[in-house]
Amino acid sequence: MSSRLAAVTAVLLALVAPRAARAEPAASVRLALAPAVGSVVPGVPVSDAIGFQFPLQLDLGWAVGPLTVGAYGSWGYGLVGKCQGSCSASVVRTGLEATWTFASVPELRGAAPWGGVGAGYEWATERRSEGGNAVTTTWRGFELFSVQGGLEWRVARAVALGPFLLVGLGRYTNMALDAGVDTASAELTHRAVHAWIHVGVRGRLVLDGRK
(Lines give C-alpha, C1' and ligand atoms only; values in the text may rest on other atoms or scores of the structure.)
Protein backbone atom coordinates (compact mmCIF):
# COMPACT_ATOMS: atom_id res chain seq x y z
CA MET A 1 0.00 0.00 0.00
CA SER A 2 2.43 2.66 1.23
CA SER A 3 5.22 1.49 -1.09
CA ARG A 4 3.00 1.97 -4.15
CA LEU A 5 2.08 5.51 -3.12
CA ALA A 6 5.69 6.28 -2.18
CA ALA A 7 6.87 5.27 -5.65
CA VAL A 8 4.31 7.50 -7.35
CA THR A 9 5.19 10.37 -5.03
CA ALA A 10 8.91 9.99 -5.77
CA VAL A 11 8.31 10.31 -9.51
CA LEU A 12 6.16 13.40 -9.06
CA LEU A 13 8.71 15.00 -6.74
CA ALA A 14 11.42 14.46 -9.35
CA LEU A 15 9.33 16.42 -11.85
CA VAL A 16 9.05 19.42 -9.56
CA ALA A 17 12.43 19.25 -7.80
CA PRO A 18 13.54 22.67 -9.12
CA ARG A 19 10.64 24.24 -7.18
CA ALA A 20 11.30 22.43 -3.90
CA ALA A 21 12.50 25.60 -2.18
CA ARG A 22 9.01 27.06 -2.63
CA ALA A 23 7.19 24.32 -0.71
CA GLU A 24 4.16 25.63 1.16
CA PRO A 25 1.81 24.09 3.73
CA ALA A 26 -1.43 22.88 2.15
CA ALA A 27 -4.88 22.16 3.53
CA SER A 28 -8.32 21.36 2.20
CA VAL A 29 -11.74 20.33 3.52
CA ARG A 30 -14.23 18.11 1.74
CA LEU A 31 -17.90 17.30 2.25
CA ALA A 32 -19.50 14.51 0.27
CA LEU A 33 -22.18 11.86 -0.15
CA ALA A 34 -20.69 8.37 -0.49
CA PRO A 35 -22.71 5.27 -1.38
CA ALA A 36 -21.19 1.82 -0.87
CA VAL A 37 -20.69 -0.86 -3.51
CA GLY A 38 -19.19 -4.31 -3.14
CA SER A 39 -19.25 -6.65 -0.15
CA VAL A 40 -18.11 -6.87 3.47
CA VAL A 41 -17.46 -10.57 2.91
CA PRO A 42 -18.49 -12.67 -0.09
CA GLY A 43 -22.28 -12.68 -0.36
CA VAL A 44 -22.85 -9.85 2.17
CA PRO A 45 -23.14 -6.41 0.50
CA VAL A 46 -21.75 -3.43 2.39
CA SER A 47 -25.07 -1.69 1.71
CA ASP A 48 -26.82 -4.22 4.00
CA ALA A 49 -24.81 -2.73 6.88
CA ILE A 50 -24.12 0.86 5.81
CA GLY A 51 -25.90 2.08 2.70
CA PHE A 52 -24.53 5.62 2.60
CA GLN A 53 -22.14 7.79 4.50
CA PHE A 54 -21.68 11.58 4.59
CA PRO A 55 -17.92 12.00 4.98
CA LEU A 56 -16.19 15.14 6.21
CA GLN A 57 -12.51 14.96 5.21
CA LEU A 58 -9.48 17.05 6.15
CA ASP A 59 -6.33 16.98 3.99
CA LEU A 60 -3.01 18.32 5.32
CA GLY A 61 0.36 18.33 3.59
CA TRP A 62 2.95 20.25 1.64
CA ALA A 63 2.61 21.71 -1.84
CA VAL A 64 5.60 21.83 -4.19
CA GLY A 65 4.50 23.57 -7.37
CA PRO A 66 1.41 21.73 -8.65
CA LEU A 67 2.13 18.66 -6.47
CA THR A 68 0.64 18.28 -2.99
CA VAL A 69 1.73 15.37 -0.78
CA GLY A 70 0.30 14.67 2.65
CA ALA A 71 -2.19 12.85 4.83
CA TYR A 72 -5.97 12.69 5.00
CA GLY A 73 -8.48 11.91 7.71
CA SER A 74 -12.18 11.33 7.13
CA TRP A 75 -15.18 10.74 9.40
CA GLY A 76 -18.55 9.92 7.89
CA TYR A 77 -22.00 9.66 9.45
CA GLY A 78 -23.60 6.52 8.04
CA LEU A 79 -27.12 5.33 7.30
CA VAL A 80 -27.67 1.74 8.40
CA GLY A 81 -29.24 -0.59 5.87
CA LYS A 82 -32.28 -2.75 6.75
CA CYS A 83 -32.69 -1.19 10.19
CA GLN A 84 -35.73 -2.24 12.24
CA GLY A 85 -34.91 -0.45 15.48
CA SER A 86 -32.53 2.27 16.66
CA CYS A 87 -29.47 2.24 14.43
CA SER A 88 -26.42 4.37 13.66
CA ALA A 89 -23.16 3.99 11.79
CA SER A 90 -19.89 5.74 11.04
CA VAL A 91 -16.89 5.27 8.76
CA VAL A 92 -13.38 6.48 9.56
CA ARG A 93 -10.61 6.62 6.95
CA THR A 94 -7.01 7.79 7.22
CA GLY A 95 -3.94 7.51 5.04
CA LEU A 96 -1.53 9.18 2.61
CA GLU A 97 -2.27 10.87 -0.70
CA ALA A 98 -0.69 12.84 -3.53
CA THR A 99 -2.57 15.24 -5.81
CA TRP A 100 -1.59 17.27 -8.87
CA THR A 101 -3.27 20.54 -9.84
CA PHE A 102 -3.19 21.47 -13.53
CA ALA A 103 -3.30 24.92 -15.09
CA SER A 104 -6.70 26.57 -15.38
CA VAL A 105 -8.64 25.92 -18.60
CA PRO A 106 -10.37 28.93 -20.22
CA GLU A 107 -12.91 26.61 -21.89
CA LEU A 108 -14.02 25.50 -18.40
CA ARG A 109 -14.63 29.11 -17.33
CA GLY A 110 -11.21 29.25 -15.71
CA ALA A 111 -11.52 26.04 -13.72
CA ALA A 112 -8.33 24.16 -12.83
CA PRO A 113 -8.56 20.34 -13.11
CA TRP A 114 -6.81 18.19 -10.52
CA GLY A 115 -6.29 14.50 -9.82
CA GLY A 116 -4.61 12.24 -7.32
CA VAL A 117 -4.09 8.86 -5.71
CA GLY A 118 -4.01 7.60 -2.15
CA ALA A 119 -4.01 4.59 0.16
CA GLY A 120 -4.81 4.07 3.83
CA TYR A 121 -6.87 2.28 6.47
CA GLU A 122 -10.59 2.17 7.22
CA TRP A 123 -12.90 1.44 10.17
CA ALA A 124 -16.64 0.98 9.58
CA THR A 125 -18.89 0.74 12.64
CA GLU A 126 -22.57 -0.25 12.73
CA ARG A 127 -24.70 -0.01 15.89
CA ARG A 128 -28.11 -1.70 16.12
CA SER A 129 -30.55 -1.75 19.03
CA GLU A 130 -33.49 -4.03 18.27
CA GLY A 131 -35.82 -5.52 20.85
CA GLY A 132 -33.73 -4.23 23.73
CA ASN A 133 -30.55 -5.84 22.46
CA ALA A 134 -27.74 -3.52 21.38
CA VAL A 135 -24.91 -4.83 19.21
CA THR A 136 -21.98 -2.88 17.75
CA THR A 137 -20.14 -4.38 14.79
CA THR A 138 -16.86 -2.97 13.52
CA TRP A 139 -15.07 -3.94 10.33
CA ARG A 140 -11.56 -2.73 9.61
CA GLY A 141 -9.02 -3.15 6.86
CA PHE A 142 -6.90 -1.43 4.27
CA GLU A 143 -8.12 1.08 1.73
CA LEU A 144 -5.96 -0.50 -0.95
CA PHE A 145 -6.12 2.30 -3.48
CA SER A 146 -8.07 5.47 -4.12
CA VAL A 147 -8.28 7.60 -7.23
CA GLN A 148 -9.71 11.10 -7.15
CA GLY A 149 -10.14 14.22 -9.21
CA GLY A 150 -12.19 17.30 -9.77
CA LEU A 151 -12.35 20.92 -10.81
CA GLU A 152 -11.75 24.05 -8.76
CA TRP A 153 -12.36 27.75 -9.23
CA ARG A 154 -10.55 30.49 -7.35
CA VAL A 155 -13.32 32.08 -5.27
CA ALA A 156 -10.98 34.22 -3.17
CA ARG A 157 -7.30 35.13 -3.25
CA ALA A 158 -6.34 32.15 -1.09
CA VAL A 159 -9.34 29.82 -1.53
CA ALA A 160 -10.30 27.48 -4.35
CA LEU A 161 -13.62 25.62 -4.42
CA GLY A 162 -15.17 23.00 -6.66
CA PRO A 163 -16.68 19.53 -7.11
CA PHE A 164 -14.74 16.31 -6.78
CA LEU A 165 -15.12 12.55 -7.21
CA LEU A 166 -13.20 9.95 -5.21
CA VAL A 167 -13.39 6.17 -5.52
CA GLY A 168 -11.68 4.20 -2.76
CA LEU A 169 -11.25 0.42 -3.06
CA GLY A 170 -10.87 -1.46 0.20
CA ARG A 171 -10.91 -4.88 1.80
CA TYR A 172 -11.93 -5.62 5.39
CA THR A 173 -9.59 -7.99 7.19
CA ASN A 174 -11.00 -8.03 10.74
CA MET A 175 -14.39 -7.90 12.45
CA ALA A 176 -15.30 -7.17 16.08
CA LEU A 177 -18.65 -7.59 17.91
CA ASP A 178 -19.63 -5.82 21.12
CA ALA A 179 -22.92 -6.86 22.76
CA GLY A 180 -22.31 -4.91 25.96
CA VAL A 181 -21.50 -7.91 28.18
CA ASP A 182 -19.81 -10.09 25.59
CA THR A 183 -17.22 -9.04 23.03
CA ALA A 184 -15.48 -10.98 20.30
CA SER A 185 -13.14 -10.29 17.42
CA ALA A 186 -11.75 -12.35 14.58
CA GLU A 187 -9.73 -12.14 11.40
CA LEU A 188 -11.83 -12.60 8.28
CA THR A 189 -10.76 -15.68 6.35
CA HIS A 190 -13.07 -14.95 3.42
CA ARG A 191 -12.58 -11.42 2.12
CA ALA A 192 -14.21 -9.29 -0.54
CA VAL A 193 -13.55 -5.96 -2.21
CA HIS A 194 -15.77 -2.96 -1.61
CA ALA A 195 -15.70 0.70 -2.64
CA TRP A 196 -16.93 4.04 -1.35
CA ILE A 197 -17.79 6.51 -4.09
CA HIS A 198 -17.45 10.08 -2.79
CA VAL A 199 -19.26 12.82 -4.69
CA GLY A 200 -19.00 16.25 -3.16
CA VAL A 201 -17.29 19.62 -2.80
CA ARG A 202 -13.69 20.45 -1.85
CA GLY A 203 -12.42 23.76 -0.52
CA ARG A 204 -8.64 24.25 -0.76
CA LEU A 205 -6.34 26.79 0.86
CA VAL A 206 -4.09 28.27 -1.85
CA LEU A 207 -0.96 29.99 -0.56
CA ASP A 208 0.92 30.17 -3.87
CA GLY A 209 -0.87 32.38 -6.39
CA ARG A 210 0.70 30.45 -9.28
CA LYS A 211 -1.12 27.17 -8.48
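The values are calculated or read from the model by the stated rules, or taken from the named source; none is laboratory data. Given the structure is predicted, the values throughout are model-derived calculations rather than measurements. Neighbour counts run over all protein chains shown; Cβ positions are idealised from the backbone, glycine included.
In segment 84-99 there is at least one residue matching the filter, namely being surrounded by fewer than 21 Cβ atoms within 10 Å (Cβ to Cβ), at pLDDT 95 or above and farther than 17 Å from residue 145 by Cβ. Filtering segment 99-113 down to residues that are touching a residue at least 40 places away in the same chain (Cβ under 8 Å) and either assigned to a strand (DSSP E or B) or aliphatic (A, V, I, L, M) (or both), which residue is nearest to residue 36 (Cα to Cα)? So, considering only residues that are touching a residue at least 40 places away in the same chain (Cβ under 8 Å) and either assigned to a strand (DSSP E or B) or aliphatic (A, V, I, L, M) (or both), the one nearest to residue 36 (Cα to Cα) is 99.
Here's the yes/no breakdown for (1) surrounded by fewer than 18 Cβ atoms within 10 Å (Cβ to Cβ); (2) farther than 30 Å from residue 84 by Cβ; (3) in contact with a Cys (Cβ under 7 Å, 6 or more places away or on another chain):
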{"residue": "108", "(1), (2), (3)": "yes, yes, no"}
{"residue": "111", "(1), (2), (3)": "no, yes, no"}
{"residue": "124", "(1), (2), (3)": "no, no, no"}
{"residue": "128", "(1), (2), (3)": "no, no, yes"}
{"residue": "132", "(1), (2), (3)": "yes, no, no"}
{"residue": "135", "(1), (2), (3)": "yes, no, no"}
{"residue": "147", "(1), (2), (3)": "yes, yes, no"}
{"residue": "152", "(1), (2), (3)": "no, yes, no"}
{"residue": "156", "(1), (2), (3)": "yes, yes, no"}
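Name the single residue that is surrounded by the most Cβ atoms within 10 Å (Cβ to Cβ) among those in segment 31-52 being under 17 Å from the mean Cα position of the chain (by Cα), in contact (Cβ under 8 Å) with a residue 60 or more places away in the chain and over 17 Å from residue 118 (Cβ atoms). Applying the filter and picking the extreme gives 50.
Within segment 175-194, the set of residues being surrounded by fewer than 19 Cβ atoms within 10 Å (Cβ to Cβ) and in contact (Cβ under 8 Å) with a residue 24 or more places away in the chain comprises 175, 176, 177, 178, 179, 180, 188, 190, 191, 192, 193. Could you tell me whether any residue of segment 166-174 is part of a strand (DSSP E or B), surrounded by 17 or more Cβ atoms within 10 Å (Cβ to Cβ), of a type in the set (Ser, Thr, Tyr) and within 14 Å of the chain's Cα centre (by Cα)? Scanning segment 166-174, I find no residue that is part of a strand (DSSP E or B), surrounded by 17 or more Cβ atoms within 10 Å (Cβ to Cβ), of a type in the set (Ser, Thr, Tyr) and within 14 Å of the chain's Cα centre (by Cα), so the answer is no. If you check 184, 124, 134 for being at pLDDT 95 or above and either part of a strand (DSSP E or B) or farther than 22 Å from residue 41 by Cβ (or both), only one passes: 124. Which residues, counting only those in segment 46-70, are more than 26 Å from residue 35 (Cα to Cα) and either aromatic (Phe, Trp, Tyr) or assigned to a loop (DSSP other than H, G, I, E, B) (or both)? If the condition is that a residue be more than 26 Å from residue 35 (Cα to Cα) and either aromatic (Phe, Trp, Tyr) or assigned to a loop (DSSP other than H, G, I, E, B) (or both), then 62, 65, 66 are the ones that fit.
Can residue 71 be described as in contact (Cβ under 8 Å) with a residue 12 or more places away in the chain, farther than 14 Å from residue 200 by Cβ and buried (at least 19 other Cβ atoms within 10 Å of the Cβ)?
So residue 71 fails the test.
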